[in-house]
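Working notes for the structure below.
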Amino acid sequence: MAAEPQWYVAHTYSGYENKVKANIEKAIQNRHLEDQIVEVSVPMQDVTEVKNGKKRTVSKKLFPGYVLVKMIMNDDTWYVVRNTRGVTGFVGPGSKPVPLTEADMRHLGMGGSTADASEIEVDFGEGDTVTVIGGIWKDTVGVIQSMNMSKQTVTINVELFGRETPVEISFADVRLAH
């Protein structure tokens, strides 16, 4: 019975992930290893950024400094990947690469059902002072008490009837106070 290809993680110099992917793919062709190294991946994730009240979606590397390689581990495939320029080694104890489990792959959104990996990234956090730029609290300045990433809201305290009252405001309606 032939071995099944499994996913392994190669560590690269940060910023070289796509170059390493291309170099491994070139080596696969040159050495005719298509049946042993079946896929090379740099997982990307769409992230919504909010900066100065403007939303935009950008693609970011899920794991900067790493490339995923689906392969049958043997001396030849280990040598090809390990000696690709930009690869600093495999993830695993010592020099022994450890394959990712099915659970790892599902968690990464790469096995079976893919989870929605998009998340939002903002340029403010708890404790930051923000200015509300929209809605009924427009022009209010407050300190972020908490953030709810799934609802994409922040809670700030505003003065209402002479006392501090927490209000929930959308990420899109706040920006860092300058």
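The values are calculated or read from the model by the stated rules, or taken from the named source; none is laboratory data. Computed from a predicted model, the values in this text were never measured in an experiment. All Cβ positions, glycine included, derive from the backbone under ideal geometry; neighbour counts span all protein chains shown. Each accessible area value is taken on the protein alone, full model and side chains, heavy atoms only, with ligands, DNA and RNA left out. Shrake-Rupley method; radii C 1.70, N 1.55, O 1.52, S 1.80 Å.
Of all lysines in the structure, the ones whose alpha carbon falls short of 30 Å from that of Lys138, not counting any fewer than 8 places away in one chain, are Lys51, Lys54, Lys55, Lys151. What part of the accessible area of the stretch 28-178, given as a whole %, is carbon or sulfur when the probe is 1.4 angstrom? After summing per-atom areas, the C and S share lands at 48 percent.
Only Lys, Arg, Asp and Glu count, each charged at its Cβ (+1, +1, -1, -1), so figure out the dipole size of the chain about its Cα centre, rounded to 20 debye.
500
Rounded to two decimals, the Cα-based Rg/Rh of the stretch 9-49, with Kirkwood Rh, is 1.07. Gain on full extension, evaluated as 0.36 nm per residue between Asp123 and Val47 minus their Cα-Cα distance, stands at 26.1 nm.
Work out the charge dipole of the chain with +1 on the Cβ of Lys and Arg and -1 on the Cβ of Asp and Glu about the Cα centre, then indicate which of His11, Ile136, Asn52 is farthest towards its positive end. Farthest towards the positive end: His11. All Cα-Cα distances of the stretch 1-84, cut into 10 Å bins from zero to the largest, leave 17, 43, 23, 11, 6, 1 percent in each bin in turn.
GNM remark for the chain: springs join alpha carbons under 10 Å apart, and the peak mean-square fluctuation among Arg106, Arg163, Arg31 falls on Arg163.
Taking 0.36 nm per residue of separation and subtracting the Cα-Cα distance, full extension of the segment from Arg56 to Lys26 would add 7.4 nm. Largest GNM mean-square fluctuation among Ile133, Ile72, Ile37, using the chain with Cα springs under 10 Å: Ile133.
Accessible area per residue of the chain at 1.4 Å probe, in Å²? Walk me through the numbers before you get to the answer.
Values: 10840 Å² over 178 residues.
I get 61 Å² per residue for the chain.
Couplings 3J(HN,Hα) of the stretch 155-162, computed from phi: 10, 10, 8, 10, 7, 9, 6, x Hz, in residue order, whole Hz [Karplus 6.51 cos²θ - 1.76 cosθ + 1.60, θ = phi - 60°; x for Gly and Pro]. Select from Thr101, Thr165, Thr140 the residue whose mean-square fluctuation is largest in a Gaussian network model of the chain (Cα-Cα springs shorter than 10 Å). Among Thr101, Thr165, Thr140, the largest mean-square fluctuation in the Gaussian network model of the chain belongs to Thr165.
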